[in-house]
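Readers should treat all values here as calculations from the given coordinates under stated rules, not as data from a laboratory. Just so it is clear, the structure is predicted and the values come from calculations on it, not from any experiment. Using ideal geometry, Cβ is built from the backbone for each residue, glycine included, and neighbour counts are taken over all protein chains shown.
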Amino acid sequence: MEQARKIKGFHGAMMGVFCPGQDAKAILGEKYDKSFYGTACAYLLRRFGPAYDGCDSYKELTFYMLTTKMEGVLLAVRPGCSVSTSFGYYLKNEIYEATMKADFEDRRQSSGWIESINNCSVRAPVAKALREAIEELKRPVNVRDWFFNIIRRIPDDELGQQTELVEYSNLAGYGIIPEYYDRFEDVKSKL
């Protein structure tokens, strides 16, 4: 899993045909909502480095687009004040169009739409890839001898031989000189 380098040709949302936030709530739990914002930001920065795509400086602190095991499916992570509102998805346009078509057909033919999401041959692999990516964020990373995942610090007594640790990003900890940001201000002033 890594940050997606290009999202041109993708379409997505924080919820819609897929609701990764609901999956995250089931996988990660809600009891970490009070500390999720800070822990998630620290984890994402340490594991993946600074976010490639920035964020909406008014509404969010950071925004990560992460690859999944399925080509063309990205997990969007926008840490916020609750686990359930912090996850979304981006799909390659072809996959998005296929899922929207399948969604329309299922709604037209069935009253059990929620059940059909998990059974649909088009949507099921996407939903599985998103759930597996969320599960992957439970793997701990470290800062010196402190280990944590996207939701909490992992106490030493919980770290065992079965724990799969992930390497931290070679970009974690890099600073950016103020002159770099000044260039953005120069461009904005010319618009």
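When I7, I154, I177 are arranged by Cβ crowding within 10 Å, least crowded first, meaning fewest neighbours, the order is I177, I7, I154.
Counting every other Cβ atom within 10 Å of each residue's Cβ, D157, D103 order from fewest to most as D157, D103.
Excluding K31 itself, what net charge comes from residues whose Cβ is under 11 Å from its Cβ, given Lys and Arg +1 and Asp and Glu -1? Here the charged neighbours net out to +1.
The distance between label points at A13 and Y181 comes to 3.4 nm (points 7 Å beyond Cα on the Cα→Cβ vector).
Extending 7 Å from Cα along the Cβ direction at V143 and again at D156 yields two label points whose distance is 1.9 nm. Site pair K6 and T62 shows an inter-label distance of 2.5 nm when each label is modelled 7 Å from Cα along Cα→Cβ. Shown here: log10 I(q)/I(0) by the Debye sum over Cα atoms at q = 0.07 Å⁻¹, derived from the displayed model; of the candidates (1) -0.32; (2) -0.35; (3) -0.23, it corresponds to (3). Determine, from the Cβ-Cβ distance of Q22 and L171 and an R0 of 22 Å, the FRET efficiency 1/(1 + (r/R0)^6), rounded to the nearest 0.05. Taking R0 as 22 Å, the efficiency between Q22 and L171 is 0.10.
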